[in-house]
Amino acid sequence: MSPTACLAAAPALTHNTLVVAAGVAAVGCAAGVVGSLSLLRKRPLIGDAAAHTTLVGVAAAFLLTGRRDLPTLLTGALVAAVAGLAALVLVRRFTRTRDDAATAIVIGVGFGLGIALLSGITARGLPGSAGLEQFLLGHTAALTVRDAVLLAVVSAVAVAVVLLGLKEATLVAFDADFAAATGWPVGLIDQVLVTLVAVMVVVGLPAAGAVLVTALVVIPPVAARQWTDRVPTLLVLGGTFGLVAAIVGVAVSAVVPRMPTGPLVVLAAATICIVSLLIAPRRGWLARRHQQVTLEPPPGMRRLR
Amino acid sequence: MNPVLDGWSIDGATAMHAWAIATAATVAAACALVGTLLVVRRMSLLGDALGHAVLPGIAVAVLAGGRPGSPFVFAAAVATGLLTVWLTRLVRSAGSLSDDAGTGVVFTTLFALGVVIVTAAASRVDLDPSCMLYGILELVPFDTVSIGDLEVPRGFISAAVVLGTLTTAAIATWKLQVFTAFDADAARAAGVPVAAVTGGLLAATALATVAGFEVVGAVLVVAMLVVPAAAAELLVRRLHHMVLVAVALAVVGTCLGYLAAWRWNASAAGMIAVVLGLEYVAAVVLAADDGLVARGLGRLRYAWRVLCEDRLAAVWRAEEKGTAATAPVSLVQRLAVGWLRLTGRFVGRAGGLALSSAGRREAEMVVRSHRLWEAWLGQHAQLPLDHLHPPAEWVEHHLGAAMRQRIEAEVGAAGDPHGSDIPPEA
């Protein structure tokens, strides 16, 4: 079913719904593109720590400003995401805690603080506090046209940055040592990539929520990787899969009452991923099974390293 | 007050809170026990993944008629946990992916599936969508069974059973776990069934995760698993000490977190995670070996020793040349001189400082180290004369008596390249 047909099935299809769907689709697309790069750099879960700390920013932004419009809350979320990544860097620099434990600590404690703040706000019934929990699992129904435009613009900028720095990012992803030896600022390029992932995680909050937004940057690129060994194709496919997943998720959640958007977007992406793992030419399960039967060496089984 | 807690101002409210705290602390102890092994084996993120991934198992089991917290639901959730690990491996090998990517795909997908199932069925069964994220610690004391004349919450009983099982298993297999954790290859070569040991750890993680899931929810269980263990790792060096410290930190943090949540009327699960995080920060700052305070003090002590030794050596050299010592310039130098006077290494008035016999001995050893090092560098490093002083100025604070003897034996009678005498060993 085409995305438009899907949307046509939704009740109360308005101009507003379409614009919001387009904004969220742009986010899904950009997340797929940025995620493809971080998959190549072998750091697919880099956004998870940032994602779980965004709640603190959402709650703090509401407490400090008393407003709950999307730009305010997402600005808070971005600050908190960067703070979460900074905490990760500090733990690495000043303690002997290893990377995996450091990530788990930031995820657990950051999310705990976010939950504590949100529950405190809810329990006190502060005016306008209803709906902050929608950032946990995603909820696009309340987005306005202006919100959607904001999401789309940020996504477009993120994609533009990726395209501008694609050559450098590819070089670093494939051979960081060679890139450093030939004078490229590997650390800076990595920082830009991490920042892009953090930005995508933040603008992905309305679509997928803090708990699941990581999936937007992980699953579509993994699905895309099954179909191609070429970086430009990977980015295009990753972006397309992310876009389709976002539209399907938004459309279904518009039809099913009370269903948060995030899980639906993730399940749509996961479906694409499972199909890709099964039927992709050369790398897919079916193709490899066939190759094993015919005892031919797998011609296209090149690994990106 | 929480909506739930509001009704507690009747008799027995304290008992209710006590049961909730006891349940949370029992779960936290079980998680910290397993978490210690996860942290030393660098498998911390597995706890995070399992916390998310067991949700569909729990949801389906509850839909099939199990009651939350019953052995049936536990078994279903643990099975889902093990299925997750297997699925992750499958996806990883099917897609030629890295560990992280496989985990990221599987746990987000399963959690999304669980949320959809729970939300779709929320009206029909006893599962609240928000309890997936926060846990239902506040409700645990209301679901009780009678044991004798005591009303014991079911949640506490299942937590205690989990803790008992895990403790027994840990004691029984401790040596194997430790051997595998530190050197899996050597363990395999020595005949340890490494796959079974790792599988056991995975099952234990799933069990602890499910127990934690009910109390603090899907995401925060990772805090209970990893944070106390990571804090304990900073505080002590030996693994069996680390387990005990982690369990103690988890229990204390859970109690404080619950009380803080009660006081400030916030989610108990969230506050417990926050307090555990504060414990970790405290460990980072205060750890005896390499906490920030210990490291800062160590650097200060070193800087102070260098300062004092430099003052002593400056006065000794002035005496040797027969000139007046340069007066202390900066404030810290004045402080150092004051300290040296106080400890009896300088005698006499300011301006006309003289070394006491103890001060003289110390100063001679500094100058001796300095000049021996210059002599050694001059012979072995072929440095020009005016390049010998700076490295010696640094090394003079680090040479011990034994090292000075060896250097002296090596440079022989050549003496100081600048022509000064090298003072003899005290």
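Across segment B:305-334, what is the number of residues that are more than 15 Å from residue B:363 (Cα to Cα) and modelled with pLDDT of 90 or more?
0
Being within 21 Å of residue B:238 (Cβ to Cβ) and of a type in the set (Gly, Ala, Ser) is the filter here, so list the residues in segment B:159-189 that pass it. Please lay out each step first, then the result.
From segment B:159-189, those within 21 Å of residue B:238 (Cβ to Cβ) are B:166-167, B:169-184, B:186-187; that's our starting set.
Of everything in segment B:159-189, those that are within 21 Å of residue B:238 (Cβ to Cβ) and of a type in the set (Gly, Ala, Ser) turn out to be B:169, B:170, B:172, B:181, B:184, B:186, B:187.
Evaluate the following for residue B:4: is it open to solvent by 10 Å² or more (accessible area, probe 1.4 Å), modelled with pLDDT under 90, over 30 Å from residue B:258 (Cβ atoms) and touching a helix residue (DSSP H, G or I) at 6+ places or on another chain (Cβ under 6 Å)?
no
Can you tell me which residues in segment A:84-105 are buried (at least 23 other Cβ atoms within 10 Å of the Cβ) and hydrophobic (A, V, I, L, M, F, W, C)?
If the condition is that a residue be buried (at least 23 other Cβ atoms within 10 Å of the Cβ) and hydrophobic (A, V, I, L, M, F, W, C), then A:101, A:104, A:105 are the ones that fit.
Results for (1) more than 18 Å from residue A:35 (Cβ to Cβ); (2) in contact with a helix residue (DSSP H, G or I) (Cβ under 6 Å, 6 or more places away or on another chain), shown as yes or no for each residue.
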| position | (1), (2) |
| --- | --- |
| A:234 | no, yes |
| A:239 | no, yes |
| A:244 | no, no |
| A:247 | no, yes |
| A:251 | yes, yes |
| A:255 | yes, no |
| A:267 | no, yes |
| A:272 | no, yes |
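Conditions tested, residue by residue: (1) within 14 Å of the chain's Cα centre (by Cα); (2) at pLDDT below 95; (3) within 30 Å of residue B:14 (Cβ to Cβ).
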| position | (1), (2), (3) |
| --- | --- |
| B:227 | yes, no, yes |
| B:232 | yes, no, no |
| B:251 | no, no, yes |
| B:261 | no, yes, yes |
| B:265 | no, yes, yes |
| B:269 | no, yes, yes |
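As an exercise: evaluate residue A:191 against (1) open to solvent by 60 Å² or more (accessible area, probe 1.4 Å); (2) at pLDDT below 90; (3) not charged (D, E, K, R) and give the number of the one condition it does not meet.
Only one criterion in (1) open to solvent by 60 Å² or more (accessible area, probe 1.4 Å); (2) at pLDDT below 90; (3) not charged (D, E, K, R) is unmet by residue A:191, namely (2).
Identify, from the list A:223, A:245, A:215, A:181, the residue that is of a type outside the set (Val, Ile, Thr), farther than 27 Å from residue A:82 by Cβ and touching a residue at least 12 places away in the same chain (Cβ under 8 Å).
Numbers: A:245 fails: farther than 27 Å from residue A:82 by Cβ; A:215 fails: farther than 27 Å from residue A:82 by Cβ; A:181 fails: touching a residue at least 12 places away in the same chain (Cβ under 8 Å).
Every option except A:223 fails the conditions.
Going through segment B:271-286 one residue at a time, which ones are within 9 Å of another protein chain (Cβ to nearest Cβ) and not hydrophobic (A, V, I, L, M, F, W, C)?
Of everything in segment B:271-286, those that are within 9 Å of another protein chain (Cβ to nearest Cβ) and not hydrophobic (A, V, I, L, M, F, W, C) turn out to be B:277, B:280.
Out of (1) in a helix (DSSP H, G or I); (2) within 11 Å of chain B (Cβ to nearest Cβ), the odd one out for residue A:259 is which?
Condition not satisfied by residue A:259: (1).
I need the full set of residues from segment B:218-251 which are more than 9 Å from chain A (Cβ to nearest Cβ) and closer than 16 Å to residue B:20 by Cβ, in order please.
B:250, B:251
Among what's in segment A:30-41 and is open to solvent by 10 Å² or more (accessible area, probe 1.4 Å) and in contact with a Lys or Arg (Cβ under 9 Å, 6 or more places away or on another chain), pick the residue that is farthest from the other protein chains (Cβ to nearest Cβ).
A:40
Any residue in segment B:390-416 that's closer than 26 Å to residue B:308 by Cβ and at pLDDT 85 or above: show its pairings with residues that are open to solvent by 40 Å² or more (accessible area, probe 1.4 Å) and not hydroxyl-bearing (Ser, Thr, Tyr) at Cβ separation under 6 Å, as long as the two are six or more apart or on different chains.
Qualifying pairs under 6 Å: B:392/B:373; B:395/B:373; B:407/B:376.
With respect to residue A:199, is the statement that it is under 30 Å from residue A:253 (Cα atoms) and open to solvent by 20 Å² or more (accessible area, probe 1.4 Å) true?
Yes; evaluated as a whole, the condition is true for this residue.
Name the residue, out of A:286, A:243, that is more than 8 Å from chain B (Cβ to nearest Cβ) and surrounded by fewer than 22 Cβ atoms within 10 Å (Cβ to Cβ).
Numbers: A:243 fails: surrounded by fewer than 22 Cβ atoms within 10 Å (Cβ to Cβ).
Answer to the check: A:286.
Suppose we filter A:169, A:141 for residues that are open to solvent by less than 30 Å² (accessible area, probe 1.4 Å) and in contact (Cβ under 8 Å) with a residue 24 or more places away in the chain; which single one remains?
A:169 is the lone residue from the list that is open to solvent by less than 30 Å² (accessible area, probe 1.4 Å) and in contact (Cβ under 8 Å) with a residue 24 or more places away in the chain.
Residue B:382 is checked against (1) in contact with a strand residue (DSSP E or B) (Cβ under 7 Å, 6 or more places away or on another chain); (2) part of a loop (DSSP other than H, G, I, E, B) and fails just one. What number does that condition carry?
In the conditions (1) in contact with a strand residue (DSSP E or B) (Cβ under 7 Å, 6 or more places away or on another chain); (2) part of a loop (DSSP other than H, G, I, E, B), residue B:382 misses (1) alone.
In the set A:112, A:47, A:35, which member is under 21 Å from residue B:49 (Cα atoms) and free of Cβ contacts under 8 Å to residues at least 12 places away in the same chain? Explain how you work it out, then say what you get.
Numbers: A:47 fails: free of Cβ contacts under 8 Å to residues at least 12 places away in the same chain; A:35 fails: free of Cβ contacts under 8 Å to residues at least 12 places away in the same chain.
Of A:112, A:47, A:35, the one residue that is under 21 Å from residue B:49 (Cα atoms) and free of Cβ contacts under 8 Å to residues at least 12 places away in the same chain is A:112.
Those residues that are surrounded by fewer than 11 Cβ atoms within 10 Å (Cβ to Cβ) and aliphatic (A, V, I, L, M), I need them from segment B:388-426; list them, please.
Within segment B:388-426, B:402, B:409, B:413, B:426 meet the criteria.
Just checking, how many residues over segment B:244-262 are under 18 Å from residue B:205 (Cα atoms) and either surrounded by 22 or more Cβ atoms within 10 Å (Cβ to Cβ) or in contact with a strand residue (DSSP E or B) (Cβ under 9 Å, 6 or more places away or on another chain) (or both)?
3
Taking interchain pairs and intrachain pairs at least six residues apart, which have beta carbon atoms under 6 angstrom, with the first residue in segment B:95-116 and within 7 Å of another protein chain (Cβ to nearest Cβ) and the second basic (Lys, Arg) and in a helix (DSSP H, G or I)?
Correct list of pairs: empty, since none qualify.
If we keep just the residues of segment B:348-379 that are assigned to a helix (DSSP H, G or I) and among the basic types (Lys, Arg), which is surrounded by the fewest Cβ atoms within 10 Å (Cβ to Cβ)?
B:361
The values are calculated or read from the model by the stated rules, or taken from the named source; none is laboratory data. Small disclaimer: the values here were computed from a predicted structure and weren't measured. Don't worry about glycine lacking a Cβ; one is built from the backbone with ideal geometry, like all the others, and counts go over all protein chains shown. Areas reflect the complete protein model, heavy atoms only, side chains present, ligands, DNA and RNA absent. Shrake-Rupley method; radii C 1.70, N 1.55, O 1.52, S 1.80 Å.
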